[in-house]
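The values are calculated or read from the model by the stated rules, or taken from the named source; none is laboratory data. Fair warning: this is a prediction, and the values are worked out from it, not measured in the lab. Using ideal geometry, Cβ is built from the backbone for each residue, glycine included, and neighbour counts are taken over all protein chains shown.
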Amino acid sequence: MDTNLRLFLIIFAIFWFIITSYFLKKQKLPVKYSLVWYAIILIMLILGAFPNILVSISEFCGFQVLASFVVGVILTLMIFITMILTIIVAEQKKRLTLIIQEISLLKSQKK
Amino acid sequence: MKILLIIPAYNEEENILKTYQKIIDFNKKNKTKYDVIVINDGSTDETSKICHENNIPVIDLIRNLGIGGAVQTGYKYALENNYDIAVQYDGDGQHDVGYVKNIIDPIVNNKANMVIGSRFIKKDSSEFQSSFARRIGIKMISFVIKLKTNKKIYDTTSGFRAADKNVISLFALTYPTEYPEPISTVEVLRHHLKVEEVPVSMKERTKGKSSITSWKQAYYMINVFLSILIIGKRVK
């Protein structure tokens, strides 16, 4: 892997680490979600430090170009995360509906 | 027997008082005791004000939930207040209170748990039969329900329906918030409860707009098909 690319990867990981930590400290990001991002950052750092791992895996999977392997992995990850977010949103919507209904019923009883 | 008419209303300021007045007049004339609860689904017009000024029993939802969430609130109210039968009734003047008796009859006689007021069960039974495109849509949903439950339901999207205590409990607990009519029917059938259809006549909406606009119909159909097909494949 190109040295510049490795450097970029490491700098990006550090940058991302700072952002994640910032939102965590501000309590915008729950700890359990931050763990996922930290794990990803860690993987990026490891790959930046030891690029051969990435090359081996990519070759093992039958990718001819390293870049397409990287893009593929990132895409899969993003789709997965989006899917989980959709489920979380739907669950929140259900709870909101329940709360709106119950509060409205209670309010109408009070009158 | 305690009977409740659940009237979901979203921006129905022009219709709601008339609808309520007709029910009250009907009660007086026919010595019936239909209670009414209007579920004001976060209307932005004067619906709530009109209800309160005229002493119409109303639950004001603090935010708009859509038809499914509103109707379910009515079923929760029916459950809490121990009603024997809950009838879903439109606030826009489409439904005729005279048919309520026909709709609740099968429940009173222990013949059904849920009864749907149907426009299509007898030819010419209803002056208003909906547009051609929508009738095709209703037929297709009917076909999918038949495939799934082996029960022929003619008017799958009718919002004029009666529910007994079993169905009230079921709906209070879980009610589909989207595309509620056909999907809740499949739910009821899947719980081995009996569904019947009786012919009713419906009028066209007097004022205001229907909640389903034409360009949304294809999307509506796909959603309904998928929803019906996955019911039963679901795991808890």
* To do: Considering each residue of the stretch B:90-123, count those that are of a type in the set (G, A, S) and assigned to a helix (DSSP H, G or I), and give that number.
  => 1
* Residues in the stretch A:88-109: is at least one more than 14 Å from every other protein chain (Cβ to nearest Cβ), part of a helix (DSSP H, G or I) and at negative phi? -> yes
* Condition broken by B:E178, with the remaining ones in (1) in contact with a helix residue (DSSP H, G or I) (Cβ under 8 Å, 6 or more places away or on another chain); (2) in a loop (DSSP other than H, G, I, E, B); (3) under 30 Å from B:V108 (Cβ atoms); (4) modelled with pLDDT under 90 satisfied -> (3)
* To do: Scan the stretch B:140-176 residue by residue and report those that are within 17 Å of B:I228 (Cα to Cα), within 13 Å of the chain's Cα centre (by Cα) and not acidic (D, E).
  => B:T156, B:T157, B:S158, B:F171, B:Y175, B:P176
* To do: Check the stretch B:43-66 and report whether any residue there is over 14 Å from B:L17 (Cα atoms), modelled with pLDDT under 95 and part of a helix (DSSP H, G or I).
  => no
* Asked: Only one of (1) at pLDDT below 85; (2) within 13 Å of B:K203 (Cα to Cα); (3) out of contact with any Pro (no Cβ under 8 Å at 6 or more places or on another chain) fails for B:S125. Which number is that?
  -> (3)
* Could you please give the count of residues in the stretch B:42-60 that are surrounded by 14 or more Cβ atoms within 10 Å (Cβ to Cβ) and either in contact with a Ser or Thr (Cβ under 6 Å, 6 or more places away or on another chain) or among the basic types (K, R) (or both)? => 2
* Asked: Within the bounds of the stretch B:197-215, is there any residue that is assigned to a helix (DSSP H, G or I), at pLDDT below 90 and more than 14 Å from chain A (Cβ to nearest Cβ)?
  -> yes
* Structure fact -> Picking from A:F80, A:F8, the residue that is surrounded by 12 or more Cβ atoms within 10 Å (Cβ to Cβ) and aromatic (F, W, Y) would be A:F8
